[in-house]
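A short reminder: the numbers here are calculations on the coordinates, not readings from a lab. The model shown is predicted, which means the values in this text are computed figures rather than measured ones. Methodologically, a virtual Cβ is constructed for each residue, glycine included, from the backbone with ideal geometry; neighbour enumeration extends over all protein chains shown.
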Amino acid sequence: MKKLILPLLLLITTPCFIQAQDEDVFEHEDDLLYLSEWLVDTYTTEGEELLPQYEEHQIKRFVRIWEDYADHWFYMERSNVSTPDKPNRQWVFSVEQMGEHMMFELYLLPKGLEVKGGLSQAELEAILDIDRLRLENGCEMFLNYDGFAVFNGETVEQFCELNEHGGHHTKMRMMLTAKKLDWYEAACDPDNKVLWGSIEEAQIYSRKK
């Protein structure tokens, strides 16, 4: 009799588990679409207070690329307001829905590739090669959508070794709403002491009108 109990339990509980999984996927299936609608835009720090690490106001652009892929891909560039055609940071993000979370993976452009600022989706796709991008392991941000007004997420523990500003690891966090993008970034030592930037105070980027 005991030998029959486990198979019976599996028969009873498995449909419930599958149904719960399906409901979770269904509940969040539009999150990536909302993220794309909000994220693809141009943002500026003009009119906002600059954090100490920024010497002048910045522009940040997100462009959707490779729309035929299952995951969503975004090219991101940041430039000084005075030189919008000369980006000082160029990243590519792939975003994958994972249940209630979205995983933001960070890719770097190939060394030596020069991409000027302000290019369109078609121009970027003509230059960028998805197979030549370099995944920055450990720098994934895991975002949640509150179902109403905010996408919010950050990197995990001490795994991001991007280290553009020195230190042992980098921490990043972002909050996206319909009006602005709050960006947190800090270079830290092994004891999580902040050496550059801030993970407590965001640099605010407002949507450029």
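Observations, loosely collected:
- GNM result for the chain, Cα springs below 10 Å: residue of Thr42, Thr83, Thr170 fluctuating most strongly: Thr83
- When the charge dipole of the chain is built from unit charges on Cβ atoms (+1 for Lys and Arg, -1 for Asp and Glu) and taken about the Cα centre, the candidate among Pro110, Gln97, Gln158 whose Cα reaches farthest toward its positive end is Pro110.
- Cα-centre dipole for the range 81-133 with unit charges at Cβ (Lys and Arg positive, Asp and Glu negative), debye to 20: 340
- Counted charge near Met76, where neighbours are those whose Cβ lies closer than 12 Å (Asp, Glu -1; Lys, Arg +1): +3
- Förster radius 30 Å - calculated FRET efficiency between Asn137 and Val115 (Cβ-Cβ, nearest 0.05): 0.85
- Nearest 10 degrees, 0 to 90: helix 2-28 Cα axis against the chain principal axis: 30
- Candidate aspartates and glutamates - alpha carbon under 12 Å from Lys209, same-chain residues fewer than 8 apart omitted: Asp41, Glu46
- Loop-located trypsin sites (Lys or Arg not before Pro) in the range 128-186 (DSSP state other than H, G, I, E, B) with a sparse environment of at most 11 neighbouring Cβ atoms within 10 Å: Lys179.
- With 0.36 nm allotted per residue and the present C-alpha distance subtracted, the Ser82-Phe148 stretch has 20.2 nm of extension available.
- Between Val156 and Arg89, the FRET efficiency from the beta-carbon distance, with R0 = 25 Å, is close to 0.70.
- Taken about its Cα centre, the chain carries a charge dipole of about 200 debye when Lys and Arg each add +1 at the Cβ and Asp and Glu each add -1 at the Cβ.
- Sorting the segments 45-52, 103-110, 68-75 by their mean number of nearby beta carbons within 10 angstrom, highest to lowest, gives 103-110, 68-75, 45-52.
- Cβ-derived FRET efficiency at R0 30 Å, Lys179 paired with Leu108, nearest 0.05: 0.55
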